[in-house]
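Trainee: Take a look at this one; I'll ask things after.
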Amino acid sequence: MQTTRRLWLSQCVGIVALADIAAAQQHAHEAVQSSTPPPFRTLDPATAAEIDAITSQIVPSTDGPGAREAGVIYFIDRALSTFDVDKREAYRTGMAAVQKKRQELFPGSTKIAALTNEQQIQLVQGIEATDFFELLRTHTLYGFLGNPSYGGNRDHIGWKLIGFEDRMVFQPPFGYYDGEQK
Amino acid sequence: MSATFRPSDVVDFLVIGAGAAGGVMAKELSTAGFRVVVLEQGPYLTEKDYRHDEIRYTYQAGLTNDTKVQPITYRKNESEPAKLAKAIMYGRQVGGGSVHFTANYWRFHESDFEERSQFGEVPGAGLADWPIKYADLEPYYTKAEYDLGISGLGGANPFEGPRSKPYPLPPMPVKSSGVLFDRATKKLGLHPYPAPMAILSQPYQGRAACVNCGFCEYFGCEVRAKSSTLVSVIPVAEKTGKCEIRPNSYVRKIETDVQGRATGAVYFDANRREIFQRAKAVVVCANGAETARLLLISKSKRFPDGLANSSGLVGKYLMWDTGGLAMGLFEHPLNEYKGIQVTRVIHDYYKADPKRGFYGGAGLDARFNYYPANFALQGMPPDAPKWGAEYKKMLSTYFTHTMTVLSHSSSLPQLRNSISLDTDVKDSWGLPAMRVTFDFHPDDVATLKWALAKQLEILEAAGAKKTWASGTAVEESMPSVHLMGTCRMGNDPKQSVVDRYNRAHDVPNLLIVDGSSFVTAARQQPTATIQALAYRGADFAIQAAKKA
């Protein structure tokens, strides 16, 4: 196909606009990264520590940072303060049921956070079929792998683990098999 | 500049819904010189509002309808009570679903318009021929592809009907999933071809090409490379100075006069004030579910069962996008999160074949429509742990080493599947909630199971180390996207709601243009056909208006 002057010009315009947009987006991403952890808005610190103990079993800190280092608990607090206000009740009743389960399994224990790692795993095994656990798991993974502007996924900990790069522009080849074909 | 009309101005056309069809109608009618008001219930967002933000767009459904303010009830059949459910998902902003869709842009096949004649009767289903044929729509498919900006390779799909022109833009770059799918399907004697996509592979009409950021499905495009009506035809409509897009305008009734002609519509504005906008003709493009609901709500003495409903078929024959996911894990990284979702397709299994023992067929594509969090939640094998150290370890390889083969399968039109009004539940504006009644036809289920075996076969032929089926079990899934059939098209006013030009049989100045007019659902990917029907319907409306 013959490249007309008009087409050539339109391509140039496209490239300039693209570079501008990409730069602006990259800037926005960097701004997000440097944000400092917010104080809790909805959870009290004691409850937050108990929830954190469970989410840290969902994505543990073995072999590298997990839910705790990624600030998942801050994401959950943010969610319960904003778009998931209507889930506060589920957390109240859900955590009460988890505490009950803890007392059943480990009489004399006082806190989830104070259980041993093995005991915490047993506790999670005891609640993993509940709707509340599914909610916790959903929140944990959105907090671990979602956009860091919500307080979780600090320093892109989640994204680094799974091999995701948040960029505006990628050039092919994207993977091994399309690279192999070139 | 965009026009501004007063409600008392009798504009030429009032379009309800600024989505895939409404955007096209707005452009076609206004560039033909008519004065147009478009009422859109959602907001007017632009690329500056969109983000790579999975929490907002997959978790909070930021671009789609919100059942907290517009509740929906669902039941499998009439004998069950309808319960609140997150059934039915549609784009709710200027541009509608064309903003957040994956951008697959398949033409229907010639056979899709005459399946009743070719396949025969299916017990329990209302399979019927369309009153139009592929050849009637072909010029409008071409017009849509050029007007909106579609990338693909014309003639590469040997099962597609004849086309008058190639695609205006070459195919998008192939991904690893496409390469693996290509090799495997060729090995199996099948015919892979580059996916036709409403995404720009090169700059086009003042818009920049795709940058392969990967955030297409569920997301609005941040560089305007996805050819939504928001960035393609709606700006053209506004530039005519004859078209006003009015966002945050939720229609509660289409009004008619004593002759039974539409006179305009009453809507709630952003402040929930009721406003009556007058018009000489009304075009409903509110999607395959909301269009039927609005017609049913628009009851009057003359139309006691809802507007344009003398046939009793408004809301009936609801069809939607049925399909299934097969996943494969590979030795090397695919990094499928980069780039658009889909790059290769086959239509070898598309056409229904009586020899299979059931009605149905499927288009299959190689894709990856996961993002980090929804992959962790839904993309892992069913036998994988759901939490803990082993789960964490698996995530670190599965996300980058996995691809999907998806089936786009058939959904039979059944009279018992419907959109109706819930008499007990109201939305936040006090209107009756949408009630969905839907259950699968046994042949729909048989097709999905048959297709899944083909999907897994392809992944295995591609050399997958592990394969698995993913997603919700058919028995538990509710209608969500690609809503069709609820105002079916036909020549007989007793058997259909609109005529062959998308005009309501009962109301001469009412057009219904969206998925609702589909007679059959083909193999999903309805957007190209919705938009071709819009271009064709606009042509008819323009000719009729010029005569009048």
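The values are calculated or read from the model by the stated rules, or taken from the named source; none is laboratory data. Not measured: the values here are computed from a predicted model. In this analysis, Cβ positions are derived from the backbone assuming ideal geometry, glycine residues included, and neighbour counts consider all displayed protein chains.
Trainee: Go through (1) over 18 Å from residue B:90 (Cβ atoms); (2) in a loop (DSSP other than H, G, I, E, B); (3) under 23 Å from the mean Cα position of the chain (by Cα); (4) not acidic (Asp, Glu) one by one and return the number of the condition residue B:282 breaks.
Mentor: It fails just one condition, (2).
Trainee: Here is a follow-up. Part of a helix (DSSP H, G or I) and more than 19 Å from residue A:59 (Cβ to Cβ): does that describe residue A:97?
Mentor: Against the criterion (part of a helix (DSSP H, G or I) and more than 19 Å from residue A:59 (Cβ to Cβ)), residue A:97 qualifies.
Trainee: Taking the stated definitions as given, is residue B:352 more than 14 Å from chain A (Cβ to nearest Cβ), among the hydrophobic types (A, V, I, L, M, F, W, C) and touching a residue at least 40 places away in the same chain (Cβ under 8 Å)? Step through it out loud before you land on a result.
Mentor: Numbers: more than 14 Å from chain A (Cβ to nearest Cβ): yes; among the hydrophobic types (A, V, I, L, M, F, W, C): yes; touching a residue at least 40 places away in the same chain (Cβ under 8 Å): yes.
When the stated conditions are applied, residue B:352 passes them.
Trainee: Continuing with the same structure: Which residue is farthest from the chain's Cα centre (by Cα), if the candidates are limited to segment B:9-61 and must be assigned to a loop (DSSP other than H, G, I, E, B) and aromatic (Phe, Trp, Tyr)? Don't jump to the end; show me each part of the working.
Mentor: First pass over segment B:9-61, keeping only residues assigned to a loop (DSSP other than H, G, I, E, B): B:9-10, B:17-19, B:32-35, B:40-46, B:50-53, B:60-61.
Narrowing further to those that are aromatic (Phe, Trp, Tyr): B:34, B:44, B:50.
Values: B:34: 27, B:44: 20, B:50: 21 Å.
Filtering first and then ranking leaves B:34.
Trainee: Continuing with the same structure: Among the numbered conditions (1) over 30 Å from residue B:158 (Cβ atoms); (2) out of contact with any strand residue (DSSP E or B) (no Cβ under 6 Å at 6 or more places or on another chain); (3) not β-branched (Val, Ile, Thr), tell me where residue B:329 comes up short.
Mentor: (2)
Trainee: Can I ask one more? Condition (residue is under 28 Å from residue B:62 (Cβ atoms) and within 12 Å of another protein chain (Cβ to nearest Cβ)) applied to segment A:92-109: is it met by at least one residue?
Mentor: No, segment A:92-109 contains no residue that is under 28 Å from residue B:62 (Cβ atoms) and within 12 Å of another protein chain (Cβ to nearest Cβ).
Trainee: Related question: Can you confirm whether residue B:383 is within 24 Å of residue B:212 (Cα to Cα), away from chain A (no Cβ under 14 Å) and not in a helix (DSSP H, G or I)?
Mentor: Here the answer is no, as residue B:383 does not meet what is asked.
Trainee: Can I ask one more? Filter segment B:217-273 down to the residues that are touching a Lys or Arg at 6+ places or on another chain (Cβ under 6 Å), within 14 Å of chain A (Cβ to nearest Cβ) and surrounded by fewer than 24 Cβ atoms within 10 Å (Cβ to Cβ) and list them by number.
Mentor: Residue satisfying the conditions is B:224 alone.
Trainee: Please go through segment B:82-125 and pick out each residue that is at negative phi, modelled with pLDDT of 95 or more and of a type in the set (A, V, I, L, M).
Mentor: Listed by number, the residues that qualify are B:82, B:84, B:85, B:89, B:94, B:99, B:122, B:125.
Trainee: Please find, within segment A:156-182, the residue that is farthest from residue A:58 (Cα to Cα) out of those that are more than 7 Å from every other protein chain (Cβ to nearest Cβ), assigned to a helix (DSSP H, G or I) and in contact with a helix residue (DSSP H, G or I) (Cβ under 7 Å, 6 or more places away or on another chain).
Mentor: Among those residues, the one meeting the criterion is A:156.
Trainee: Let me ask something additional. Being crowded, with 19+ Cβ neighbours inside 10 Å and of a type in the set (Lys, Arg) narrows it down to one of B:48, B:27, so name that one.
Mentor: Result: B:27 is the single residue among B:48, B:27 that is crowded, with 19+ Cβ neighbours inside 10 Å and of a type in the set (Lys, Arg).
Trainee: Under 23 Å from residue B:225 (Cα atoms) and within 14 Å of chain A (Cβ to nearest Cβ) - does that describe any residue in segment B:61-82?
Mentor: Yes, some residue in segment B:61-82 is under 23 Å from residue B:225 (Cα atoms) and within 14 Å of chain A (Cβ to nearest Cβ).
A quick yes/no check of all residues on (1) among the aliphatic types (A, V, I, L, M); (2) farther than 16 Å from residue A:171 by Cβ:
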{"site": "B:160", "(1), (2)": "no, yes"}
{"site": "B:180", "(1), (2)": "yes, yes"}
{"site": "B:193", "(1), (2)": "no, yes"}
{"site": "B:202", "(1), (2)": "no, no"}
{"site": "B:217", "(1), (2)": "no, yes"}
{"site": "B:223", "(1), (2)": "yes, no"}
{"site": "B:226", "(1), (2)": "no, yes"}
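Trainee: Got a sec? Which of B:337, B:359, B:391, B:398 is surrounded by 24 or more Cβ atoms within 10 Å (Cβ to Cβ), more than 21 Å from the chain's Cα centre (by Cα), more than 29 Å from residue B:68 (Cα to Cα) and within 14 Å of another protein chain (Cβ to nearest Cβ)?
Mentor: Result: B:337 is the single residue among B:337, B:359, B:391, B:398 that is surrounded by 24 or more Cβ atoms within 10 Å (Cβ to Cβ), more than 21 Å from the chain's Cα centre (by Cα), more than 29 Å from residue B:68 (Cα to Cα) and within 14 Å of another protein chain (Cβ to nearest Cβ).
Trainee: Something else now. If you go through segment A:67-83, how many residues are in a loop (DSSP other than H, G, I, E, B) and either in contact (Cβ under 8 Å) with a residue 12 or more places away in the chain or among the aliphatic types (A, V, I, L, M) (or both)?
Mentor: Count: 1.
Trainee: So which residues in segment B:424-465 are assigned to a loop (DSSP other than H, G, I, E, B), out of contact with any Gly (no Cβ under 9 Å at 6 or more places or on another chain) and not hydroxyl-bearing (Ser, Thr, Tyr)?
Mentor: Let us first name the residues in segment B:424-465 that are assigned to a loop (DSSP other than H, G, I, E, B), namely B:427-431, B:438-441, B:462-465.
Still in the running and out of contact with any Gly (no Cβ under 9 Å at 6 or more places or on another chain): B:427-431, B:438-440.
Across segment B:424-465, the qualifying residues are B:427, B:429, B:430, B:431, B:438, B:439, B:440.
Trainee: Taking segment A:111-137 as the search range and keeping residues that are within 9 Å of chain B (Cβ to nearest Cβ) and surrounded by 18 or more Cβ atoms within 10 Å (Cβ to Cβ), which one is nearest to residue A:79 (Cα to Cα)?
Mentor: Looking at residues that are within 9 Å of chain B (Cβ to nearest Cβ) and surrounded by 18 or more Cβ atoms within 10 Å (Cβ to Cβ), I get A:137.
Trainee: Does residue B:447 satisfy the condition of being touching a residue at least 24 places away in the same chain (Cβ under 8 Å), within 14 Å of chain A (Cβ to nearest Cβ), out of contact with any Cys (no Cβ under 6 Å at 6 or more places or on another chain) and surrounded by 24 or more Cβ atoms within 10 Å (Cβ to Cβ)?
Mentor: Criteria not met by residue B:447.
Trainee: Quick check on my filter: what residues within segment B:188-216 are assigned to a loop (DSSP other than H, G, I, E, B), more than 20 Å from residue B:370 (Cα to Cα) and within 12 Å of another protein chain (Cβ to nearest Cβ)?
Mentor: B:200, B:201, B:202, B:203, B:205, B:206, B:208, B:209 - these are the residues of segment B:188-216 that are assigned to a loop (DSSP other than H, G, I, E, B), more than 20 Å from residue B:370 (Cα to Cα) and within 12 Å of another protein chain (Cβ to nearest Cβ).
Trainee: Could you list all residues from segment B:140-160 that are outside any loop (DSSP other than H, G, I, E, B) and in contact (Cβ under 8 Å) with a residue 40 or more places away in the chain?
Mentor: Passing the criteria: B:140, B:141, B:143, B:144, B:145, B:147, B:148, B:149, B:151.
Trainee: Looking only at segment B:406-424, decide whether some residue is under 27 Å from residue A:147 (Cβ atoms) and either in contact (Cβ under 8 Å) with a residue 40 or more places away in the chain or in contact with a Cys (Cβ under 8 Å, 6 or more places away or on another chain) (or both). Give the steps one after another, and end with the answer.
Mentor: Narrowing segment B:406-424 to residues under 27 Å from residue A:147 (Cβ atoms): B:406.
If we keep only those that are either in contact (Cβ under 8 Å) with a residue 40 or more places away in the chain or in contact with a Cys (Cβ under 8 Å, 6 or more places away or on another chain) (or both) too, we end up with B:406.
Yes, that holds for at least one residue.
Trainee: Here's a follow-up. Looking at segment B:450-468 only, could you name the residues that are surrounded by fewer than 22 Cβ atoms within 10 Å (Cβ to Cβ) and among the hydrophobic types (A, V, I, L, M, F, W, C)?
Mentor: Matches in segment B:450-468: B:450, B:452, B:453, B:456, B:461, B:468.
Trainee: Output the residue which, of all residues in segment B:250-267 that are among the small types (Gly, Ala, Ser) and within 29 Å of the chain's Cα centre (by Cα), is nearest to residue B:421 (Cα to Cα).
Mentor: Out of the qualifying residues, it is B:265.
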